[in-house]
Amino acid sequence: MRKTLTTMTTMTALATSLTVAACSPPGSSGSEEEGLTQVNIAFSNPTIFTTGLPYYVAIDQGFYEDAGLQVEATFTGGGAETVQAVVSGSADIGTETSGAAAIGAYVEGAPIKIVSASTTGLDLQWFALPESGLTDRSDLAGRRMGYSATGSSSHIGVLALSELLESEGLPPIQAEAIGGPPDNLTAVQTGQIDAGWTQPPFFLEEVANGELVLVADGAEIGDYADVAMRVNIANISFLEEDPDAARTFLEVQQQSWDWIFDNPEEAVKIWQESADLELTEEVLLTTFDYYEREELRIAPLDGQDVLIADAVDFGFAEEPLTDEQVSELFDLSYVPED
Amino acid sequence: MWIVRIVMIAIFLALVEVAVRTEILNPFFVPEPSSVLAGMASSVTDGDFLGMVAITLGAVLLAFAIAGIAGVLLGFVLWRVRPLGDAYEPLVAALFSSPIVLLYPIFLVIFGRNSAAIIALAALFAVLPTILFTKQALSAVNRTLLNVGRSLSMSSWNLFRHIMLPAAAPTIFTGLRIALTYVLIVVVAMEYILQIGGLGRLVAESALLFRATDLYVSVGLIVVISAAFIWLINQLERLAQR
C-alpha cells in the first residue's frame, strides 16, 4: 500500500508541475512554409483592438503572405511577459508592449530593441460596480485596482494614477495583477478588487445599461497624449539575422492599420469573427470614436523621455538611460520609409 | 557526510561561477553564484525582504498546521469508523491524484484575493496525503503488538500512545512530509501566479523585472526554508517514536 501511495504521490507531484506549467504563457511553434519567412510574434489580450486586430486583419487579407511572411503568434499576459517571450527567443517581435517594461528589461541586459511605436496616448478606462459608490478618480484613493501584468501599460496607468492621487494628498492605490479586461470584470464582480481596467469598446454596453460605471479615464492622468505608451520590440539576434523580415513585418503592421481605418466595417467583422467576440458590429464600430489613425502609427515614436522617466519613477530602471543607451535601445531604422 | 555534501555543492557552484564569468552561461539568465550568496546574506538584514519571508512562512505554517491536524484526525476517523473509511478512502485517493490547484479561482471568490485563499488551497491540497497515510498507518499496525498490549491490561490511551502511535508514526510522518512539500509548492506557486503574498510574489516580480540575482536569491531562500522544514519534521518524527 505504501508503494501505491508513493506512486500516487509521484503522479500528483507531476500533475501539480504540469498545472503550474500550464499557467505559464505558451510558446509558439509553427512550420515554415516554402518561400515564406517565419516570424514569431508575441502580444497580450488578443481580443483587444490595438493588440489583436492588426494581426487578424493581416492574416485575413493575406498581407503577411503577400509580403513573404509566415507569422505565428503567442499570446501573453501582457507587459513584461511579452518582453520575456522576446528575450527568451520564443518570439522574434513583441507587439503593443509597454515601453517601461522594455526599458526595464534592456537596462538589466536583455537583448532587445524598441523598433517602433505602437499606441500613442493612454487609451485605458477604469470601471467599477454602481453599488461601489465610486464615481470619479479621487474615489479610487486607497482602493484595490486591477492591471494586466507587471510592466504593462495598464500597470503604468495605475501607478501614474496612484502617484497623481498621492500628489493630491490622497492615499495610494493598491494595484493588483489581475489579467485582461474579462478577468478584471470577474474580479470586480466578485469583490476581489474595487475597480478594473478596460479598453474601448469593452464594457461600454454595460456602462450604458448602468451595470458598470466608468470611474477614471487614461486621459485624466498626466500628459500621455503624445507619448508612445506601447511600442513594438524585437530580439537583437532576430534583427541581426533577418533585418528585412523585421522591416517587412513593421510595413505590414502599418499596412494593416491603414486598411483598418480605411475599411472600419470590414475590420470589425474580421475582429468579431477572429476574436470570437459576442459584441455586435455596431458596438465594435464605436471603437473608432476612441482612436485616431495617428495614435496607432508606428512612427514617429514620441515621448521617449517620458517613458524613461516613468521607468525610473515606477521602479523598472534604477537610473535614467545614457544617450548611448537611448540610441541603442530606440532603433527606428527598421521602420519603413513613407 | 555533511562535509562531503557541502564540498560537492561548493564544487558545483564554483563551476557555475566560472561558466558565468567566462560567459559560457549567459549572465542575463544565470547570475554569478557569489552575487546570489551575497544577496542572500544581505537580504537577511533587509526589513522588507524579511517581511515577505514572514508572510510566506506564516502561510506555510498555518496551512501545514491545518492540513496536519485535520488530516491526522480525519485519517483516524476513517480508520476507526470502517464504513466511512470504505466509502471515502477511494474518493480521497482520487482527489489526491487530481490537480486541485486549478480550483484557485473559486478560492479567490470565496476567500478574496489574499493570503487566506492561498492558505485554504494549500491546506486542502495537503490534507489529502495526510488523511491517506494516517489511515494506512493505523490499519497496518501489527495485531500481535496490540494483543500483547491488551494481555498486559493496557488502557486504550496507553495502547494508542505506546503501541499504535510509535508503530504508525513513520508512515504518518511520510504523509506529513509530503503534505509539507505540497504546502510549500502551492503557497509559493500561488503567490507567484497571483502576485500576492511573500516570496512567490518576489520571485514573480524579480522575473518580470528581469532581475536575475534577486530571482535566484528568492529561490535560494525558498530552498533553505524547505530544507529547514524537512529537518524540523524529521526531528518531530524522532520525538514521536520515542
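Tabulated values for the structure
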{"item": "Loop GluC sites (Glu not before Pro), the stretch A:34-76, which have at most 16 other Cβ atoms in a 10 Å radius of their Cβ (DSSP)", "result": "A:Glu34"}
{"item": "Directionally averaged projected area (convex hull, Cα atoms, the stretch A:101-148), nm²", "result": "5.4"}
{"item": "Descending semi-axes in Å of chain B, equivalent ellipsoid built from Cα gyration tensor", "result": "40, 23, 14"}
{"item": "Calculated log₁₀ intensity ratio I(q)/I(0) where the Debye formula runs over C-alpha points of the stretch B:1-56, q = 0.12 Å⁻¹", "result": "-0.41"}
{"item": "Paramagnetic reach from A:Glu168 (point 7 Å along Cα→Cβ, amide N under 15 Å) across the stretch A:108-129", "result": "A:126"}
{"item": "Using alpha-carbon coordinates, inclination of helix B:47-80 to the longest axis of chain B, degrees", "result": "20"}
{"item": "Neighbour-limited loop hits for GluC sites (Glu not before Pro), the stretch A:292-329 (at most 16 other Cβ within 10 Å; DSSP other than H, G, I, E, B)", "result": "A:Glu292, A:Glu318"}
{"item": "Amide proton proximity set for A:Ala216, modelled H, under 5 Å, gap of 5+", "result": "A:Trp126"}
{"item": "Chain lengthening between B:Trp2 and B:Leu91 when straightened (0.36 nm per residue, less Cα-Cα)", "result": "27.8 nm"}
{"item": "Computed [θ] at 222 nm, helices only, for chain A once each DSSP H run of length n ≥ 4 contributes -39500 (n - 2.57)", "result": "-12500 deg cm²/dmol"}
{"item": "Overall form of the protein assembly as shown per C-alpha gyration tensor (a/c, 1.5; a/b vs b/c)", "result": "prolate"}
{"item": "Relative pair counts by distance (%), Cα atoms of the stretch A:107-181, 5 Å bins", "result": "3, 14, 21, 22, 18, 10, 6, 4, 2, 0"}
{"item": "Globularity index of chain A, i.e. its alpha-carbon radius of gyration over 2.2 N^0.38 Å", "result": "1.03"}
{"item": "Two-decimal ratio, the stretch A:208-338, of alpha-carbon radius of gyration to 2.2 N^0.38 Å", "result": "1.30"}
{"item": "Other-chain or far-sequence residues with amide H under 5 Å of A:Leu69's (modelled H)", "result": "A:Thr37"}
{"item": "Sequence ranges B:71-79, B:223-231, ranked by mean other-Cβ count within 10 angstrom, highest first", "result": "B:71-79, B:223-231"}
{"item": "10 Å Cβ neighbours from other chains, averaged over peptide B:105-113", "result": "4"}
{"item": "R0 of 25 Å, Cβ-Cβ distance B:Leu50-B:Ile9: FRET efficiency to nearest 0.05", "result": "0.50"}
{"item": "Residues with amide H under 5 Å from that of A:Ala175, placed H, sequence gap 5 or more", "result": "A:Met145"}
{"item": "Vicinal HN-Hα couplings computed from phi for the stretch A:63-69 (Karplus, 6.51 cos²θ - 1.76 cosθ + 1.60; Hz; Gly/Pro x)", "result": "5, 5, 4, 4, 8, x, 10"}
{"item": "Using a Förster distance of 30 Å, the FRET efficiency for B:Ala19-A:Gln325 (Cβ separation, nearest 0.05)", "result": "0.65"}
{"item": "Choice from B:Met154, B:Met164, B:Met40 showing the highest fluctuation, given a GNM over chain B with Cα pairs closer than 10 Å", "result": "B:Met154"}
{"item": "Accessible surface of the stretch B:1-136 [probe 1.4 Å, protein heavy atoms]: carbon and sulfur percent", "result": "77"}
{"item": "For chain A, built as a Gaussian network whose Cα springs stay under 10 Å, the top-fluctuating residue of A:Thr190, A:Thr82, A:Thr47", "result": "A:Thr190"}
{"item": "The stretch B:109-208: relative contact order as a whole-number percent, Cα under 8 Å and 6+ apart", "result": "35"}
{"item": "Length-normalised contact order for the stretch A:32-78 - Cα pairs under 8 Å, 6+ apart - percent", "result": "56"}
{"item": "Highest average packing first - A:179-188, A:126-135, Cβ atoms within 10 Å", "result": "A:179-188, A:126-135"}
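The values are calculated or read from the model by the stated rules, or taken from the named source; none is laboratory data. Note that the structure is a prediction, hence the values are computed from the model and not measured. Here Cβ is always computed from backbone atoms with ideal geometry, including for glycine, and neighbour counts include all displayed protein chains. To get the accessible areas, we keep the full protein, side chains included, count just its heavy atoms, and leave off ligands, DNA and RNA. Shrake-Rupley method; radii C 1.70, N 1.55, O 1.52, S 1.80 Å.
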